[in-house]
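These notes are about the structure you will find just below.
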Amino acid sequence: MRTLNLLLALVLLGMIAAHAVVRPSPEQPNVDVMPEMVHSPAAEPYAASPLLANNQVLQPPPPGVVARGVSLERFEANPAGAERAAAALVAPPAEDGDAARGASVYATFCTPCHGADGLGQGPVVARGFPAPPSLLAPKATDMKDGHLFHIITYGQMNMPGYAGQIGERDRWRAIAHVRALQRSTR
Ligand code: HEC
């Protein structure tokens, strides 16, 4: 142990001495030992690059790539597709925290038009957007979960689709929140 300490003390002294002799200027950058690693050639996603196809950094995924958490089932964005989704899709089993998350997804993405109570008088409607029908009316109450999922995913008439903004699991949680709203007024 003592020899080791002595050795380390000598190394330290040697380094201090070397520093005093070399006197690196604080205005000069240090030597890059591996410049390729220090200065990465990585490009920004939306930048242009002559090295890549179409001169663009952002490339489409190779054919056959499947994003995680995205089901492969696709439905036509029309009433027939909605019917098929209504028959084919079942809400996944509930998990802890679903209710809070569903309320938050609903508050963010649905309240603007449908209102916190689901009656269809959200702030966007107050400013002139066509009012949606009440989510508490029998039509929505009787709709299958899969049909609601289709509407959130692809939209319906004046309502845009939210597949790009709301992940699949969160769509189901928002549906559970709509169901809770419907139950609370029955
Ligand atoms: C930009 C405004 C807007 C937003 C945001 C919006 N909706 Fe809609 N929604 C509408 C309109 C308008 C309709 C009526 C479409 C039609 O004419 O068929 C509608 C229809 C619906 C229906 C069908 C109701 C029925 O009786 O036919 C459901 C269910 C629904 N929305 C759920 C949701 C959910 C859940 C969200 C949040 C994820 C959401 N909407 C977000 C505007 C919106």
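Being in a helix (DSSP H, G or I), open to solvent by less than 60 Å² (accessible area, probe 1.4 Å), in contact (Cβ under 8 Å) with a residue 12 or more places away in the chain and away from the ligand (no atom under 12 Å from the Cβ), is that true of even one residue in region 90-100? Yes: one or more hits.
Here region 104-118 is the region considered, the condition is being under 15 Å from the mean Cα position of the chain (by Cα) and near the ligand (Cβ under 10 Å from one of its atoms), and the residue that is nearest to A174 (Cα to Cα) is V105. You will find that of V21, V33, the residue that is outside any loop (DSSP other than H, G, I, E, B), free of Cβ contacts under 8 Å to residues at least 40 places away in the same chain and open to solvent by 100 Å² or more (accessible area, probe 1.4 Å) is V21 and no other. Quick one: is G164 under 19 Å from the mean Cα position of the chain (by Cα) and modelled with pLDDT under 95? For G164, the condition - under 19 Å from the mean Cα position of the chain (by Cα) and modelled with pLDDT under 95 - is met. Residues of region 132-147 that are buried (at least 17 other Cβ atoms within 10 Å of the Cβ) and in contact with a Leu (Cβ under 9 Å, 6 or more places away or on another chain): S134, L135, L136, A140, K144, D145, G146, H147. In the set (1) of a type outside the set (D, E); (2) modelled with pLDDT of 90 or more; (3) open to solvent by 90 Å² or more (accessible area, probe 1.4 Å), the condition left unmet by L72 is number (2).
For region 156-176, check the following and say yes or no: at least one residue is within 8 Å of the ligand (Cβ to nearest atom), at positive phi and either in a loop (DSSP other than H, G, I, E, B) or touching a strand residue (DSSP E or B) at 6+ places or on another chain (Cβ under 9 Å) (or both). Yes, region 156-176 contains at least one residue that is within 8 Å of the ligand (Cβ to nearest atom), at positive phi and either in a loop (DSSP other than H, G, I, E, B) or touching a strand residue (DSSP E or B) at 6+ places or on another chain (Cβ under 9 Å) (or both).
The values are calculated or read from the model by the stated rules, or taken from the named source; none is laboratory data. Because the structure is predicted, anything quoted here is derived from the model rather than measured. We place every Cβ from the backbone using ideal geometry, glycine too, and count neighbours over all the protein chains shown. Heavy atoms of the whole protein, side chains included, go into the accessibility calculation; ligands, DNA and RNA do not. Shrake-Rupley method; radii C 1.70, N 1.55, O 1.52, S 1.80 Å.
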